[in-house]
Amino acid sequence: MSVLSATGIVAGYGDRTVLQGIDLSISGGEVVAVVGPNGAGKSTLLRVLAGLLQPRRGSVSLDGRPLSAFRRIELARRIAVVPQVFETLFPFTVREVVGLGRTARIPLFGRVGRADAAAVDAALGDLEMAALADRRVDELSGGERQRAVIAMALAQEADVLLLDEPTAHLDPAHQLATLDFIRSLAARRGFLVCAVLHDLNLASTLATRLVVLSAGRALRDGAPSDVLRPDLVASVFGDRLAVIEHAGHPAVLPLPQRLRSSERDAHARSPRD
C-alpha cells in the first residue's frame, strides 16, 4: 500500500508563512480529515501534499521517494486532486469532464481506449452521474458539478486521493453518501485519502483519523474519539460548542446563547482559588 509522508513542512506564499513545521504520514486504506478554523493552512497543506506547492523547508515523499523526483505525468497517475472550485471555459458535458481524469493515462497523440471509457463509465456510475453524462456541466447545480469533479478524480485511477472540501454544495444526504463511498474505496482498494473538511461531525463519522490544524501547526493527530475532546474544541474553535457522544462518535453541537449565558453566570458566582 502507498504511504504519503510530510516531514518538517514550512510553506507559504510570498512573505507570508502559512505552515509552521508539519509532520504527517498517511497510509493506504486510511481516510484522514484535516480540520481547523479558517486560515489554519488546510488547503495549503493539501497543495504541498499534491506537489503543487514547493515547501520552503521540509520534504514530501510518496512510498519513500521525494515528490520532487517524480515527473509531473508520474505524479498525475498517482495523485488525484479535487479542488474547492473547478471552473472550465468550455461547455463540456459531464462525460467529457470526467474523461479529463484520463489525461495522464493516454499517450501523447494517443486515442481514448476501452479501458479509458470503462473507467469513465465506472466513475459516473459510482457517483450516480450516469443519467447526467450528456448534460453540459455549466447547466448543473453546484452539488451535481461537485460530484462530477469527484468522478473525474476517480476516473484518474490514482492511488492517492486529495480532496479540498469535497462536500461543498452537496445536500446532507449526498454529503454522507459521497464520503461513505470514498471511505469504502479506501478500505476495499487500499486508496490513501486525505480530505479537508469544515464539518466536524462529518469528519468524526467518516474519517479514520483527524488532524487538527491551527495557525499553521498540527495540534493533534489521531482517532476522532481521541481528537474531538472538549478542551481542544474550545481552544481551537471557541467556547460556543459542546462535544457529546452519539452512535459511538464524538459530535460537536452549538451551545444555545441562553445556556452559554447561564454557564458564564455560574462560573462568575463560583468560588475562585
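The values are calculated or read from the model by the stated rules, or taken from the named source; none is laboratory data. Quick caveat: nothing in here was measured; it's all calculated off a predicted structure. Neighbour counts run over all protein chains shown; Cβ positions are idealised from the backbone, glycine included.
What residue, of T93, T103, is over 22 Å from L179 (Cα atoms), surrounded by fewer than 21 Cβ atoms within 10 Å (Cβ to Cβ) and under 24 Å from the mean Cα position of the chain (by Cα)?
Values: T93 fails: under 24 Å from the mean Cα position of the chain (by Cα).
Every option except T103 fails the conditions.
With respect to D226, is the statement that it is in a helix (DSSP H, G or I) and surrounded by 13 or more Cβ atoms within 10 Å (Cβ to Cβ) true? Here the answer is yes, as D226 does meet what is asked. In summary, strands (runs of 3 or more DSSP E) completely within the stretch 29-121 and bearing 3 or more residues that are over 28 Å from D15 (Cβ atoms) occur at 31-35, 79-82.
Name the single residue, out of those in the stretch 122-142 being in a helix (DSSP H, G or I) and of a type in the set (D, E, K, R), that is farthest from E87 (Cα to Cα).
Of the stretch 122-142, the ones in a helix (DSSP H, G or I) are 122-126, 130-132, 137-139, 142.
With of a type in the set (D, E, K, R) added as a condition, the list becomes 126, 138-139.
Working: D126: 22, D138: 9, E139: 13 Å.
So, considering only residues that are in a helix (DSSP H, G or I) and of a type in the set (D, E, K, R), the one farthest from E87 (Cα to Cα) is D126.
Screening the stretch 48-82 for residues that are closer than 30 Å to L132 by Cα and not small (G, A, S) and picking the one that is surrounded by the most Cβ atoms within 10 Å (Cβ to Cβ) gives I79. Looking only at the stretch 1-12, filter to residues that are of a type outside the set (V, I, T) and modelled with pLDDT of 95 or more; which one of those is farthest from F191 (Cα to Cα)? Only one residue fits best here, namely G12. Please list, ordered by first then second residue, the pairs with beta carbon atoms under 7 Å, 6 or more apart or interchain, first in the stretch 237-256 and modelled with pLDDT under 90, second hydroxyl-bearing (S, T, Y) and surrounded by 15 or more Cβ atoms within 10 Å (Cβ to Cβ). If the second residue must be hydroxyl-bearing (S, T, Y) and surrounded by 15 or more Cβ atoms within 10 Å (Cβ to Cβ), the pairs left are H249/S204; H249/T205. A single member of L161, L185, L200, L132 is buried (at least 19 other Cβ atoms within 10 Å of the Cβ) and within 25 Å of I79 (Cβ to Cβ), and it is L161. Pairing each residue of the stretch 182-207 that is hydroxyl-bearing (S, T, Y) with any residue that is in a loop (DSSP other than H, G, I, E, B) and surrounded by 24 or more Cβ atoms within 10 Å (Cβ to Cβ), provided the two are 6+ apart or on different chains, yields C-beta distances under 6 Å for S204/L228.
Just checking, does the stretch 173-187 include any residue being within 21 Å of T88 (Cα to Cα) and hydroxyl-bearing (S, T, Y)?
Residues of the stretch 173-187 that are within 21 Å of T88 (Cα to Cα), as a first pass: none.
Checking the stretch 173-187: not a single residue is within 21 Å of T88 (Cα to Cα) and hydroxyl-bearing (S, T, Y).
Being surrounded by 22 or more Cβ atoms within 10 Å (Cβ to Cβ) and out of contact with any Gly (no Cβ under 6 Å at 6 or more places or on another chain) is true for just one of V3, V85, V34. Which residue is that? None of the others qualify; the one that does is V34. Checked against (1) in a loop (DSSP other than H, G, I, E, B); (2) modelled with pLDDT under 90; (3) on the phi < 0 side of the Ramachandran plot; (4) not polar (S, T, N, Q), H169 passes all but a single condition, namely (3).
The residues of the stretch 121-137 that are charged (D, E, K, R) and modelled with pLDDT of 90 or more, listed by number, are D121, D134, R135, R136.
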